[in-house]
């Protein structure tokens with residue numbers, strides 16, 4: 001009871017530590033990133049499933065080997081029983097004319113009947129084992145097909161993963177290029193705005209000069225008119 005209580009206390013401490021660790025990780029940026037890329041771990045899970053399929057396939061093959069061995073043993077027993085049957089039939093035929101061996105004949109006939117029943121049972125069992133063998137072979141074929149399909153799916157996911165990683169890298173590079181271009185355009189925009197402001201100032205000054213010259217021209221023309 002004390003040891004069980006100690007185990008319970010230890011388990012409670014482990015659960016408390018795990019809860020505290022989860023509360024710390026819940027708002028951690030890397031943990032959020034992990035939850036986003038978690039679907040990519042499907043490839044690893046499919047590899048584990050494929051390994052389980054391999055183990056299941058090996059078990060079925062082992063069962064098939066045992067069934068084949070049992071079938072061979074049944075065939076040997078059947079041959080032995082057939083040989084014993086033939087020997088008893090020969091012995092029975094040789095003793096049929098002997099009246100003193102009528103009782104023996106009846107006994108041998110009963111034994112022969114039992115042997116025939118046993119042979120029939122062994123034949124039925126052999127047929128059953130043969131049927132089971134075919135089922136196991138079909139199961140092996142199905143498992144091998146599933147294994148091939150799982151391998152194809154795993155390779156497809158791996159290819160999609162590599163493609164997505166390449167696209168992500170290309171997108172990041174494009175973003176860097178766009179950022180660089182944006183910085184250049186911002187600098188050029190600022191420079192153009194400064195030049196436009198300078199041209200605007202110069203234009204205003206030229207307009208003022210033009211107005212002054214026009215006034216001076218009008219004044220001179222008026223003076224010339226007065227002189228005339």
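The values are calculated or read from the model by the stated rules, or taken from the named source; none is laboratory data. What you are looking at is a predicted structure, and each value in this text was computed from that prediction instead of being measured. Note that we place each Cβ from the backbone using ideal geometry, even for glycine, and neighbour counts take in every protein chain shown.
When the residues of the stretch 85-97 are narrowed to those that are part of a helix (DSSP H, G or I) and out of contact with any helix residue (DSSP H, G or I) (no Cβ under 6 Å at 6 or more places or on another chain), which ends up modelled with the lowest pLDDT? So that I can check it myself, show each step before the final result.
Restricting attention to the stretch 85-97, the residues satisfying the condition of being part of a helix (DSSP H, G or I) are 85-95.
In the following step, the residues that additionally are out of contact with any helix residue (DSSP H, G or I) (no Cβ under 6 Å at 6 or more places or on another chain) were identified as 86-87, 89-91, 93-94.
On the way: 86: 83, 87: 80, 89: 76, 90: 77, 91: 72, 93: 71, 94: 68.
Per the stated criteria, the residue is 94.
Being part of a helix (DSSP H, G or I), under 34 Å from the mean Cα position of the chain (by Cα) and surrounded by 10 or more Cβ atoms within 10 Å (Cβ to Cβ) is the requirement here; does residue 176 meet it? Lay out the reasoning, then the answer.
On the way: part of a helix (DSSP H, G or I): yes; under 34 Å from the mean Cα position of the chain (by Cα): yes; surrounded by 10 or more Cβ atoms within 10 Å (Cβ to Cβ): yes.
Yes, satisfied.
Being surrounded by fewer than 10 Cβ atoms within 10 Å (Cβ to Cβ) and either within 23 Å of the chain's Cα centre (by Cα) or modelled with pLDDT of 75 or more (or both) narrows it down to one residue among 77, 72, 38, 4; which is it? Before the answer, list the steps.
Values: 77 fails: surrounded by fewer than 10 Cβ atoms within 10 Å (Cβ to Cβ); 72 fails: surrounded by fewer than 10 Cβ atoms within 10 Å (Cβ to Cβ); 4 fails: either within 23 Å of the chain's Cα centre (by Cα) or modelled with pLDDT of 75 or more (or both).
Going through 77, 72, 38, 4 in turn, the sole match is 38.
If you check 115, 185, 147, which single one turns out to be assigned to a helix (DSSP H, G or I) and under 30 Å from residue 88 (Cα atoms)? Steps first, answer last, please.
Values: 185 fails: under 30 Å from residue 88 (Cα atoms); 147 fails: under 30 Å from residue 88 (Cα atoms).
Going through 115, 185, 147 in turn, the sole match is 115.
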